[in-house]
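These notes concern the structure reproduced below.
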Ligand code: ADP
Ligand code: ASP
Ligand code: MG
C-alpha cells in the first residue's frame, strides 16, 4: 500500500479528547505517514478559534493595547491540551517567543500561523513523529503567490528524511524570510501540497462531518453525504460556499491525480466522500451532486444602448474594477446590460469612486450598485444528460415564493447559478434540496 497523507482540521484538534481520537486514527494505519495539522478550532459553538484569537492579539498590539491577559487564554488552550494528554512537554519558551514576536510587530501572518505551529509540535510529540516546519518547505514568491514547483522540490527532499512526520498547515515563507499564510481554511491546501510531494496514494482530509454533504448542514437539516464527486464539481461547490474544503486545495493533487477522501474524526468508520478526477457515471436518481451558495454580494449593473457594438466595453469596465482591487464573482450579461457580481465587502469602501470611474470610462446610460444579493449554485455532472433540470431548479425556487434576480448557466453545463435576495437564501437552498432529494 502507498503513502497516505492525513490532514486534521481545527475541530478535530480542539482539545485533548480530539487529539486522542486523531492519534488513534493515525496509528490505526501505518501508511498514514505524514500528518498536517490545523490550529485548535471551536470546542463548542460559542467558542473562539485559536487563529481568531491570534488575529485579535495582532490587532490589539496595533491599537497599543496590552495583550498579556488575552494571550494568557491562548497559552491556556495549549497548556490544557498538553496537561490533559499527560504529556511531558514544556512549551513555555515557545509561547514566550511568540508573544514577543506579536508584540514586536512580526506581522499579521506570523501571529496567525503560530496556531498551527504549536498544535503540530504537540501532535508530533503525542504521536512520536518528526516535525517539519512549514516555513522550511512551503514557499511564496515575491508577489505573494504560492510557488508550487519550488515547494514541491523542497518538500520532497524534507519528507525523504522522515518516515513519519507532522507538518503545520496554513503557512509558508516569503523570499525575505517572513511568514505568509494562505487564505482562511488554508491548511487544506498544505495537506494537498504534502500529498503531491509524497506521491501519496490518498489524501485524507479529516473534519467534523461525514463527508461532503449535498448541502450546507447549517442550513439544510441532515443533508445526504456525497459518495463520489469530481475535482471540477468540488471546486464549483467549494468556491460557491461549501466551506468544507478550501477551493484551492484541489490543484496540487489534481495535478498528480491523487484522490481526496473527506472523513469524520468523530465517526471514523464512515466512508466519507471520495474526490476523484473522473468517475464511472452517476446514480441516476442523483441528477445533482450538490447545492452551495454565498451571501454578501452586490451587483453592479451598467446599461447602455448598443453596448454590444462597442468594442472593448467589457474590458474597460473590468479594468475599473481591477484598478480598485476588486475581483468579480460572476458576469451575467445581456445585449445592452452588463452585470458584474462582486463581494459587498470588496466594493463598499470605494463605491462612489467605482461608479465615477465607470461613468468616465464607458459613458453608460446608467450604472447602479445594489447590495443584498446571494448566489446559489446547483452543481452536478449528471445535469448534462438530464433534460429539464434548470426548469426544476426555477420551479422549486418560485414554489418557495422566492424571486429570482439573475440566472447564469455555466457553459460547462456543470452548474446553474441563480441570484436571489439575501434574506431568501436559506429558503431557496432548502427548496432546491427537497426538489432533488426525495425523503
Ligand atoms: P475543519 O476545521 O476540519 O477544517 P471546516 O469548518 O473548515 O472544518 O469545514 C467543515 C464544516 O464545513 C462543517 O462543519 C460544515 O458546517 C461546513 N459545510 C458547509 N458546507 C458543507 C457541505 N456541503 N458539506 C459538509 N460540510 C459543509
Ligand atoms: N487555522 C486556519 C483558519 O482558521 C487555517 C485552517 O483552519 O485551515 O483559517
Ligand atoms: Mg477548514
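The values are calculated or read from the model by the stated rules, or taken from the named source; none is laboratory data. Worth saying up front: this structure is predicted, and the values here are computed from it rather than measured. When we count neighbours, we look across all protein chains shown, and the Cβ atoms used for this are built from the backbone with ideal geometry, even at glycine.
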Review point. Can you find even one residue in the stretch 298-311 that is buried (at least 19 other Cβ atoms within 10 Å of the Cβ), farther than 30 Å from residue 215 by Cβ and in contact (Cβ under 8 Å) with a residue 12 or more places away in the chain?
Key: yes
Check your understanding: Would you call residue 93 under 27 Å from residue 158 (Cα atoms), out of contact with any helix residue (DSSP H, G or I) (no Cβ under 7 Å at 6 or more places or on another chain) and within 16 Å of ligand 2 (Cβ to nearest atom)?
Key -> no
Exercise for review: Output the helices (runs of 4 or more DSSP H) that fall wholly within the stretch 38-137 and possess 3 or more residues being within 16 Å of ligand 3 (Cβ to nearest atom) and either within 17 Å of residue 185 (Cα to Cα) or touching a strand residue (DSSP E or B) at 6+ places or on another chain (Cβ under 8 Å) (or both), or say none.
Suggested key: 50-62, 108-127
Study note, to complete from the structure: Flagged in the stretch 265-280 as away from ligand 2 (no atom under 16 Å from the Cβ) and at pLDDT 90 or above, in numbering order, are 266, 267, 268, 269, 270, 271, 272, 273, 274, 275, 276
Review point. If you go through the stretch 85-94 one residue at a time, do you hit one that is more than 19 Å from residue 192 (Cα to Cα) and touching a residue at least 60 places away in the same chain (Cβ under 8 Å)?
Key: yes
Point to revise | One residue from 238, 243 being within 12 Å of ligand 1 (Cβ to nearest atom), over 19 Å from residue 202 (Cα atoms) and not in a loop (DSSP other than H, G, I, E, B) | key: 238
Practice item. Could you please give the count of residues in the stretch 315-360 that are touching a helix residue (DSSP H, G or I) at 6+ places or on another chain (Cβ under 7 Å), more than 24 Å from residue 377 (Cβ to Cβ) and not in a helix (DSSP H, G or I)? Key: 3
Exercise for review: Could you run through the stretch 370-391 and say how many residues are crowded, with 18+ Cβ neighbours inside 10 Å and over 27 Å from the mean Cα position of the chain (by Cα)?
Suggested key: 1
Check your understanding: Out of the stretch 246-260, which residues are part of a loop (DSSP other than H, G, I, E, B) and within 16 Å of ligand 3 (Cβ to nearest atom)?
Key -> 246
Check your understanding: If you go through the stretch 419-427 one residue at a time, do you hit one that is within 27 Å of the chain's Cα centre (by Cα) and under 16 Å from residue 286 (Cα atoms)?
Key -> no
Practice item. Among the residues of the stretch 1-37, count how many are in a loop (DSSP other than H, G, I, E, B), away from ligand 3 (no atom under 16 Å from the Cβ) and in contact with a strand residue (DSSP E or B) (Cβ under 7 Å, 6 or more places away or on another chain). Key: 3
Check your understanding: Which residues, counting only those in the stretch 409-439, are part of a strand (DSSP E or B) and buried (at least 19 other Cβ atoms within 10 Å of the Cβ)?
Key -> 415, 416, 417, 418, 419, 420
Practice item. Please specify each residue of the stretch 405-418 satisfying the condition of being farther than 12 Å from residue 240 by Cβ and either in contact with a strand residue (DSSP E or B) (Cβ under 6 Å, 6 or more places away or on another chain) or touching a residue at least 12 places away in the same chain (Cβ under 8 Å) (or both). Key: 405, 406, 407, 409, 412, 413
Revision key, fill the gap. How many residues of the stretch 240-282 are surrounded by fewer than 16 Cβ atoms within 10 Å (Cβ to Cβ) and free of Cβ contacts under 8 Å to residues at least 24 places away in the same chain? The answer is 4
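Residues checked against (1) within 16 Å of ligand 2 (Cβ to nearest atom); (2) under 23 Å from residue 130 (Cα atoms):
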site	(1), (2)
168	yes, yes
197	no, yes
205	yes, yes
217	no, no
222	no, no
229	no, no
236	no, no
240	no, no
255	no, no
